[in-house]
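Data first, discussion second: the structure below is written as C-alpha cells.
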Ligand SMILES: CC(C)(COP(=O)(O)OP(=O)(O)OC[C@H]1O[C@@H](n2cnc3c(N)ncnc32)[C@H](O)[C@@H]1OP(=O)(O)O)[C@@H](O)C(=O)NCCC(=O)NCCS
C-alpha cells in the first residue's frame, strides 16, 4: 500500500507517508490487486458509533479512472453499513488551495455522493484550509 502511495507524490509527502504507515497498523480497509500486485487501497476508521472517516485512499496512476476507487469505496461502505455506521466523512484540501491534484480528489468524492460539509480555515500545519465532506450511508 505504501508503494502505491509512493507512486502518488503529488498527493502524499514524506510526512504523509509516515502518518499513513502508522494508520495502516490501526485502520481497516481494502486493497485492489492485479495478479500479486496491490494497485489500490482504501482505509477508514470509526470515530463514533454512527460516524466513520475515510483516512487514506490511492490508486496507481496507470490504473486510475477505471472504476477501482469507486469499487474500493463501495466495499468500505458495505462494511460500514453492516457496522451500523450512518455517516462517512472525508477530508481534503479546500478549493481555496490552488493545487490542481486536490481538485481531482474533490471531483472523485463529489462524483461518489459526498457533499461539502464544512471548511476549516487554516486547519493544516502549512495554513491551508481543510474541506470536510460527508456522505450518508
Ligand atoms: C482519488 C482516487 C483514489 C480515485 O481513484 P480512481 O480509481 O481513479 O477513481 P474511479 O475511476 O473509481 O473514479 C470514479 C469517478 O470519480 C470521478 N473522478 C475520478 N478521478 C477524477 C479526476 N481525476 N478528475 C475528475 N473526476 C474524477 C469521476 O466522476 C469518475 O468516474 P468516471 O471515470 O466514470 O468519470 C485516485 O484518483 C487517486 O489515487 N488519487 C490520488 C490520491 C488521493 O487523492 N487520495 C484521496 C485522499 S487520501
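No lab work stands behind these numbers, since they all come straight from the coordinates. Computed from a prediction, not measured in an experiment: that's the story for all the values here. Cβ placement follows ideal geometry from the backbone for every residue including glycine, while neighbour counts extend to all protein chains displayed.
So here's what we get for this one:
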item: Qualifying residue in segment 2-17 (condition: over 19 Å from residue 113 (Cα atoms) and crowded, with 20+ Cβ neighbours inside 10 Å); result: yes
item: Residue check for residue 10: within 12 Å of the ligand (Cβ to nearest atom) and touching a helix residue (DSSP H, G or I) at 6+ places or on another chain (Cβ under 9 Å); result: yes
item: Exclusive hit being within 12 Å of the ligand (Cβ to nearest atom), crowded, with 21+ Cβ neighbours inside 10 Å and under 15 Å from residue 114 (Cα atoms), set 40, 69, 58; result: 69
item: Residue in segment 76-97 that is part of a helix (DSSP H, G or I), under 14 Å from the mean Cα position of the chain (by Cα) and more than 23 Å from residue 6 (Cβ to Cβ) present; result: yes
item: Any hit, segment 96-108, residues being within 13 Å of the ligand (Cβ to nearest atom), farther than 17 Å from residue 13 by Cβ and in contact with a helix residue (DSSP H, G or I) (Cβ under 9 Å, 6 or more places away or on another chain); result: yes
item: Hey, residue 82 crowded, with 19+ Cβ neighbours inside 10 Å and more than 13 Å from the ligand (Cβ to nearest atom) or not; result: no
